[in-house]
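Structure record follows, encoded as structure tokens.
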Amino acid sequence: MSAPRLPLTRPDGSPVRAVVVDDEVNLGELLRMAMGAEGWDARAVTNARDAMDVIRDFDPDLLVLDVMMPGLDGVELLTRLRAAGNDVPVLFLTAKDAVEDRIAGIAAGGDDYVTKPFNLEEVILRLRGMARRHVAAAAAADTLLRVGDLALDEDAYEVERGGIPVKLTAKEFELLRYLMQNTRRVVSKAQILDAVWGYDFGGDSGVVEIYISYLRRKIDAGREPFIHTVRGVGYTIKAS
């Protein structure tokens, strides 16, 4: 039995943020709810003017834009965002036969499009892929993970706590990185085995307990504990 899929998160562990802009209220709400079911923080607005304010304040990781809207349309909205340096991934919603709308959307900097009426599952699948790529790019740009006074530099392959270097083995480093990528989220042994050891690992799940104990000796010994056991569920890392 495979481990349950963890919700996709930003590099800091917070939920992926998404904004839907569509003047069809029911459609926008349907998409917002579907993205909420993914564990994302999603919002819906009905016009491009309001969208500009939400995008500025909310800083979304994904944008779903209807091409045809009264007033400022989706293509013009994206043109303004790109001119301002905003590179948020955009999925356009277009009319079934409006080829010119699809071309204009992609030319303006759109990443993908679907035609109405659409299959909701397909849209979410596409958005999931776009979000995963965006989050990966953001993580690559920020390779320093922090939890309290604990810092892990993925590029330099270094760990410090309170400014004091902590020497870890390769597998201890991978385990700590996975925990820190999911700060304050409880992850199960199965999820850890999948992410750190891989599905093809043939050993016992007790290896997770062993490596958690190794990390605790190096990270938490004599200090405020960051690595916590949630009995019957798994492990989490967090600063009080």
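Here, each number is a calculation from the coordinates, and none is a lab measurement. Values in this document were obtained by computation on a predicted structure and should not be read as measured data. Here the Cβ positions follow ideal geometry from the backbone for every residue, glycine too, while neighbour counts run over all protein chains shown.
Structural remarks
- Candidate lysines for bridging to residue 218, where Cα separation is under 24 Å - those fewer than 8 sequence places away on the same chain excluded: 167, 171, 189, 238
- Amide H contacts under 5 Å for residue 20, placed H, 5+ residues apart: 43, 44, 45, 64
- For a label point 7 Å along the Cα-to-beta-carbon line of residue 210, residues of region 159-182 with backbone N under 14 Å: 171-172
- Rough spin-label spacing in nm, given labels placed 7 Å along Cα→Cβ, for residue 100 and residue 59: 3.9 nm
- Cut-off of 10 Å, at most 16 other beta carbons, DSSP loop: longest stretch of the chain lacking such GluC sites (Glu not before Pro): 25-153
- The chain: relative contact order as a whole-number percent, Cα under 8 Å and 6+ apart: 15 percent
- Distance between modelled label sites at residue 41 and residue 218, nm, 7 Å Cα→Cβ extension: 3.3 nm
- Here is the list for region 149-198: trypsin sites (Lys or Arg not before Pro) lying in DSSP coil, each with at most 10 other C-beta atoms within 10 angstrom of its C-beta, are 167.
- Trypsin sites (Lys or Arg not before Pro) restricted to region 75-129 and DSSP loop, no more than 11 other C-beta within 10 Å: 96
- Reference-scaled alpha-carbon Rg (2.2 N^0.38 Å with N residues) for region 22-165: 1.24
- Among the chymotrypsin sites (Phe, Trp or Tyr not before Pro) within region 156-190, those in coil by DSSP and having at most 15 neighbouring Cβ atoms inside 10 Å are 157.
- Structure-derived mean projected area of the Cα convex hull in nm²: which label, when the choices are (1) 12.3; (2) 15.5; (3) 13.9: (2)
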